1. Can you find a residue in the stretch 98-107 that is among the basic types (Lys, Arg), assigned to a strand (DSSP E or B), at negative phi and in contact with a Leu (Cβ under 7 Å, 6 or more places away or on another chain)?
2. Any idea which of SER163, SER150, SER198, SER193 is more than 18 Å from ASN85 (Cα to Cα), modelled with pLDDT of 95 or more and over 12 Å from the mean Cα position of the chain (by Cα)?
3. Pairs please, first residue from the stretch 94-106 and under 11 Å from TYR57 (Cα atoms), second anywhere and among the basic types (Lys, Arg), Cβ atoms under 9 Å, 6+ apart in sequence or on different chains.
4. Give the residue that is surrounded by the most Cβ atoms within 10 Å (Cβ to Cβ), with candidates limited to residues of the stretch 39-89 that are among the polar types (S, T, N, Q) and either at pLDDT 95 or above or under 14 Å from the mean Cα position of the chain (by Cα) (or both).
Amino acid sequence: MVTKETAANVHAWHQRALRWLLMRPATPRTIAILSLLLVLFAGLGGSVQAQELTSEYSIKAAFLFNFARFVEWPSEMMARSSALNLCIFGHDPFHGELERVIREKTISNRPLVGRRISAPGDARACHIVFVSAADKAKVREVLTAVRDTSCLTVGEDAEFARSGGMITFVIEDDKIRFDINLGSAEAARLKISAKVLSVARAVRVAPAKD
């Protein structure tokens, strides 16, 4: 059985390792280390719950940052803004955690900007939009609004996945994992790195039907 003291030590190690990786450029070596870290973290077993290691949304914020690192957008989408816009639609469960993770970070010399949006149409200006389970009633509106854009859509509800959302967080055996709808991402002309695909719980090839 893993004790709370052990869980705290694992948490501290994970946070230090993650901070070190976030400060490094996305070289093949750091990508490989990050992938290993995610696999090991996802595989921590039994009685160590995700909430004991770090808050659920600290982990999800780190995932969002790394999705931004390992996704390639088409040139016309990148031309719309000098920054990479990471948006939270509606309810914000991160409580500043996403802003903390991306503060002073850049990707390909572009600063990362956290935005909160309230209207589905506002997501069209986002490179990534996160829709929490609290806003599941608005999922279809958000996905419809960005259908002809190259916005990476991320959610955490079964309805999000059924509606064609691209990345869906899931809790499995008290661990935070994610599923990828690769068909939806490719339809939006997004290229998701094989490194991200390799640590996904499941990868769906065909887009979900309306």
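The values are calculated or read from the model by the stated rules, or taken from the named source; none is laboratory data. Only a predicted model underlies this, so the values are computations on that prediction, with no experimental measurement involved. Reconstructed Cβ throughout: ideal geometry from the backbone, glycine too, with neighbour counts over all protein chains shown.
1. There is no residue in the stretch 98-107 that is among the basic types (Lys, Arg), assigned to a strand (DSSP E or B), at negative phi and in contact with a Leu (Cβ under 7 Å, 6 or more places away or on another chain).
2. SER193
3. Here the result reads PHE94/LYS60; PHE94/ARG100; GLU97/LYS60; LEU98/LYS60, each pair linking the stretch 94-106 to a residue that is among the basic types (Lys, Arg).
4. ASN66
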